[in-house]
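Quick notes on the structure that follows.
Read the figures in this text as sums done on the coordinates, not as results from a lab. These numbers were taken from a predicted model, which means no experiment stands behind them. Backbone-built Cβ (ideal geometry, glycine too); neighbour counts: all protein chains shown.
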Amino acid sequence: MANLLEQKVDDFMAKVIAKNPAEVEFHQAVREVVESIIPFLEENPKYSEAKILDRIAEPERVLMFRVPWLDDQGKPQVNRGFRIEMNSAIGPYKGGLRFHPTVNLGILKFLAFEQVFKNSLTTLPMGGGKGGSDFDPKGKSDNEVMKFTQSFMSELFRHIGPNTDVPAGDIGVGGREIGFLFGQYKRLRNEFTGVLTGKGREWGGSLIRPEATGYGTVYFAEEMLKTRGDSMKGKIVAVSGSGNVAQYAVEKCNDYGAKCVTLSDSSGYIYDPAGIDAEKLAYVMHLKNVKRGRIQEYAQKYGCQFVEGERPWGVKCDVALPCATQNEVNEEEAKTLIANGCFVVSEGANMPSVPEAIEVYLEKKILYGPGKAANAGGVAVSGLEMSQNSLRLSWTREEVDARLHQIMKDIHATCQKYGTQPDGFIHYVNGANIGGFVKVADSMLAQGLV
Ligand code: NDP
């Protein structure tokens with residue numbers, strides 16, 4: 001039986017790979033889901049008969065476009081823009097925009113694919129999408145970022161709308177970029193509407209949206225720990241990244257009485273055994289969000305270690321929160337983490353662990369919360385921002401945070417429902433994949449062959 005299922009996964013993946021050559025991250029994301037779903041389909045043949053898996057792995061629409069802009073020297077530059085409209089069975093396409101030089105079609109398709117399941121898990125009515133560009137905001141002036149984003153939106157605006165497709169931020173797209181994108185959309189459409197989330201507070205943004213992904217990742221870790229009668233209090237935590245998700249993950253860990261000892265960026269990581277307290281975190285936020293500097297400066301300021309070109313997974317910790325980017329924990333690093341006593345991995349980033357690292361977590365039966373469940377808090381509060389925009393109301397910080405917390409608890413409960421094995425071990429990967437799939441698949445069945 002196991003061999004037969006493996007053969008079905010391989011056969012399915014052979015088709016996906018043939019159709020989408022060279023999109024290795026997309027293959028990786030689809031395989032992970034298919035491995036969970038194919039055994040489930042055996043017991044629920046209605047989905048196979050309607051070819052739901054084949055349809056879900058095929059984007060509804062892919063947009064690729066030229067983005068020309070003038071740099072500060074008056075020289076023309078050309079980037080490529082993308083929007084993947086993956087699945088709209090349960091709501092308008094929803095997902096972030098990533099501006100990073102590594103962006104390509106395969107990376108955005110993996111992110112859009114993951115987003116479909118993640119958005120379904122949030123319990124809110126949002127389909128899945130993702131977009132972005134190979135534009136690198138690092139080292140660019142505010143003026144250059146504005147010119148680029150205006151040009152990007154000059155094409156994107158005709159494809160999106162508050163009931164069609166609602167982008168948000170991701171790597172390289174924060175409050176500044178969302179502001180420029182929104183301004184250009186409004187100018188082109190002549191309408192003030194909730195077409196983007198992550199907006200500024202004064203012009204339609206939601207309280208807690210900046211905090212949501214990082215907070216949610218820690219809420220999810222806390223829920224996982226509760227299943228073993230434990231909590232985040234007193235835990236030593238290794239965090240990667242130092243952007244939006246990492247910063248607020250540290251803040252919530254501090255609230256829970258845990259101690260974060262690392263942060264990183266693409267140049268290396270800092271190790272601060274004394275812990276990154278509120279004052280040090282305020283320094284990081286200024287360094288990264290205003291000064292746009294490197295994490296190495298933290299080590300100089302606080303007299304701790306900076307390890308160049310490395311990731312923080314060799315450090316002794318109880319909990320690991322990967323919050324930087326995809327494939328940032330390899331098999332060896334997963335083994336080292338566990339050998340050093342780590343028994344909780346809650347993913348703030350999307351697909352940060354390679355498949356072999358996930359196998360290590362599952363084999364050792366640690367508490368492993370995959371990104372599509374653990375980092376769903378960001379898009380959940382984006383969904384709440386859409387609701388507030390439609391109501392033309394704005395909820396208090398406490399109200400949004402309470403809703404976020406409840407959604408993370410509900411996502412955990414869904415994972416538990418679909419992922420608990422006979423020996424009581426919760427296989428969160430299966431739980432998240434099947435839990436996310438059912439709602440989308442049932443909606444696709446109800447809506448006919450579209
Ligand atoms: P930011 O741009 O704010 O921060 C990204 C951080 O990761 C930076 O510290 C960056 O370092 C580091 N990083 C990026 N690429 C690499 C790389 N190739 N190698 C090493 N370090 C890298 O992004 P976010 O915090 O918003 O996003 C982080 C992760 O969380 C991503 O995987 C994203 O998809 C995911 N996510 C984000 C959500 C959100 O609401 N923002 C929602 C759900 C998931 P440097 O500055 O040196 O590049």
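Rounded to the nearest 5, what % of DSSP beta bridges with both residues in the chain are antiparallel?
Taking every DSSP beta bridge with both residues in the chain, the antiparallel ones total about 60 percent.
Just the number, please: percent antiparallel of the DSSP beta bridges in region 212-369, rounded to the nearest 5.
Restricted to region 212-369, the bridges split so that about 40 percent are antiparallel.
List the equivalent ellipsoid semi-axes of region 359-450 in whole Å, largest first, each obtained as the square root of 5λ for an eigenvalue λ of the Cα gyration tensor.
28, 20, 10
About the Cα centre of the chain, what is the dipole size in debye to 20, counting +1 per Lys and Arg Cβ and -1 per Asp and Glu Cβ, all else neutral?
So the magnitude is around 1200 debye.
Quick one: dipole size for region 61-192, taken about the Cα centre, charges +1 on Lys/Arg Cβ and -1 on Asp/Glu Cβ, in debye to the nearest 20.
The calculated dipole for region 61-192 is roughly 200 debye.
What pairs in LYS147/LYS199; LYS365/LYS417; LYS186/LYS409; LYS46/LYS372; LYS186/LYS280 have C-alpha atoms more than 27 Å from each other?
LYS186/LYS409; LYS186/LYS280
What are the aspartates and glutamates whose alpha-carbon lies under 14 Å from the alpha-carbon of LYS94, with same-chain residues fewer than 8 places away excluded?
In chain and number order, the partners are GLU60, GLU85, GLU114, ASP165, ASP170, GLU385.
Expressed in whole Å with the largest first, what are the equivalent ellipsoid semi-axes of region 192-316 derived from the C-alpha gyration tensor as the square root of 5 times each eigenvalue?
Equivalent-ellipsoid dimensions as semi-axes: 25, 21, 12 Å.
Looking at the chain, I'd like the Rg to Rh ratio, where Rg is from alpha-carbon atoms and Rh is Kirkwood's inverse mean 1/r.
0.95
Normalised by the empirical 2.2 N^0.38 Å for globular proteins, what value does the Cα Rg of region 61-192 take?
1.02
Work out the length of the dipole vector of region 20-93 about its Cα centre, built from +1 on the beta-carbon of each Lys and Arg and -1 on the beta-carbon of each Asp and Glu, and round it to the nearest 20 debye.
400 debye
Counting pairs of alpha carbon atoms under 8 Å apart in space and at least six apart in sequence, what relative contact order in percent does region 61-192 give?
29 percent
Just need log10 I(q)/I(0) for region 303-377 at q = 0.13, 0.23, 0.25 Å⁻¹, Debye formula, equal scatterers on the alpha-carbon atoms, no solvent, rounded to two decimals.
Debye curve over Cα of region 303-377, log10 I(q)/I(0) at q = 0.13, 0.23, 0.25 Å⁻¹: -0.34, -1.03, -1.20.
Relative contact order (percent) for region 212-369, with alpha-carbon contacts under 8 angstrom and 6 or more residues of separation?
The value is 24 percent.
For region 1-135, max minus min Cα coordinate along each principal axis, in Å, sorted largest first?
In descending order, the Cα extents are 64, 32, 19 Å.
VAL62: net charge of surrounding residues, Cβ under 12 Å, Lys/Arg +1, Asp/Glu -1, itself excluded?
Taking every Cβ under 12 Å from that of VAL62, the sum is 0.
I'd like the trypsin sites (Lys or Arg not before Pro) in region 355-450 restricted to DSSP loop residues with at most 10 other Cβ atoms within 10 Å, sorted by number.
ARG392
Using DSSP to define loop residues, name the GluC sites (Glu not before Pro) in region 230-337 whose beta-carbon has at most 15 other beta-carbon atoms within 10 Å.
Hits after loop and neighbour filter: GLU310.
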